[in-house]
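Report on one structure; see the data block that follows.
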Amino acid sequence: KAVVSTQSTGGPMMEKVLQSGVKDDLSVLFFNHTALLDVWGIPCRVTRCGYTGEDGVEISVPSDRTVELVEKLMAASDDVKLAGLGARDSLRLEAGLCLYGNDIDETTTPVEGTLMWTVAKRRRAARDFPGGEEVMRRFKAKEGRRRVGLIVEKAPARPHYPILNTAGDVVGEVTSGSPSPCTGKNIAMGYVDLEYTKNGTPLQVQVRKKIFPATKVAMPFVPTQYYVEKK
């Protein structure tokens, strides 16, 4: 079997840069669509997707030509820069996207994670998926905790920091948090009791031994730029 690597490219200049290396029209390759394309002469699978909230692609490339592809991309434009996991993590948090192991795991239901949009109406009615009966019971019961977005004043929140109500009672826990380069604010997501999920709800976050004000806000923190087909 062929050994394949994956290279991710994203951002507002992605299509213009990548188009210079392919003959096919990328304007008809929409979000979550995929195609087999030659990219600067290298046979690849190009999928319009990504986990940063930006328009992007993931390119599956033969492993022995990965360095060649990256070098071609870097040479195509001065706008192309290498980015590490820290940059990608801040982008996915700005987009309100979960990191498995932090924000969701095998104990999290789609209801708690505010991910019921992933469960189609037919599946909801049939309940024919693992845990379907319990998931739908919780969905209809409107109980338990929910994943929410937070703006934290003065200090960045980190995973496992307690979330408190204004009376000082612990009502949840931060699962992801960092300064947001795009908004200039300290953003976080975490889980809180259902009664604290309304936008604008005042909360607090304990950062080490100090308490800082926080506000529940809608996610994404930064509007996503997915290249979706207009219908």
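Would you mind working out the magnitude of the charge dipole of the chain relative to its Cα centre, with +1 at each Lys and Arg C-beta and -1 at each Asp and Glu C-beta, to the nearest 20 Debye?
Once rounded to the nearest 20, the dipole reads 760 debye.
May I ask you to give the solvent-accessible area per residue for the chain, in square angstrom, as obtained with a 1.4 angstrom probe? List each step's numbers first, then the result.
On the way: 13430 Å² over 231 residues.
Ligands and nucleic acids excluded, the figure is 58 Å² per residue.
Find, among the chymotrypsin sites (Phe, Trp or Tyr not before Pro) in the stretch 1-80, those assigned to loop by DSSP (not H, G, I, E, B) with at most 13 other beta-carbon atoms within 10 angstrom. Qualifying residues, ordered by number: Phe30. Across the stretch 174-183, coupling constants 3J(HN,Hα) worked out from phi with the 6.51/-1.76/1.60 Karplus curve, θ = phi - 60°, read 6, 10, 8, x, 5, x, 9, x, 6, 9 Hz, and Gly and Pro carry x. Expressed as a fraction of 2.2 N^0.38 Å, the C-alpha radius of gyration for the chain is 1.19. 3J(HN,Hα) along the stretch 143-151, derived from phi through the Karplus expression 6.51 cos²θ - 1.76 cosθ + 1.60 where θ = phi - 60°, amounts to 10, x, 9, 9, 6, 9, x, 9, 10 Hz, with x in place of Gly and Pro.
In this structure, the pairs whose alpha-carbon distance is over 18 Å, taken from Lys154/Lys209; Lys16/Lys81; Lys185/Lys216; Lys23/Lys231; Lys154/Lys185; Lys142/Lys198, are Lys23/Lys231.
Accessible area of the chain with a 1.4 Å probe: how many percent of it is carbon plus sulfur? Intermediate values should be presented prior to the final figure.
Numbers: 7270 of 13430 Å².
About 54 percent, which is the carbon plus sulfur part of the accessible surface.
Database remark: amide H of Thr201 closer than 5 angstrom to the amide H of Lys216 (H placed geometrically; neighbours at sequence offset of 5 or more, or on other chains; Pro and chain starts carry no H). Along the axis of the charge dipole computed for the stretch 1-140 (Cβ charges of +1 for Lys and Arg, -1 for Asp and Glu, origin at the Cα centre), the listed residues Leu91, Leu18, Phe31 are led at the positive end by Phe31.
P(r) tail for the stretch 58-99, what percent of Cα pairs lie past 13 Å? Working shown, then result.
Numbers: 565 of 861 pairs.
Considering the stretch 58-99, 66 percent of its Cα-Cα pairs are separated by more than 13 Å.
The values are calculated or read from the model by the stated rules, or taken from the named source; none is laboratory data. Source: prediction; values computed, not measured. Quick reminder, even Gly has a Cβ in these numbers, built from the backbone with ideal geometry, and neighbours come from all protein chains shown. The accessibility values were calculated without ligands, DNA or RNA, using every heavy atom of the protein model including side chains. Shrake-Rupley method; radii C 1.70, N 1.55, O 1.52, S 1.80 Å.
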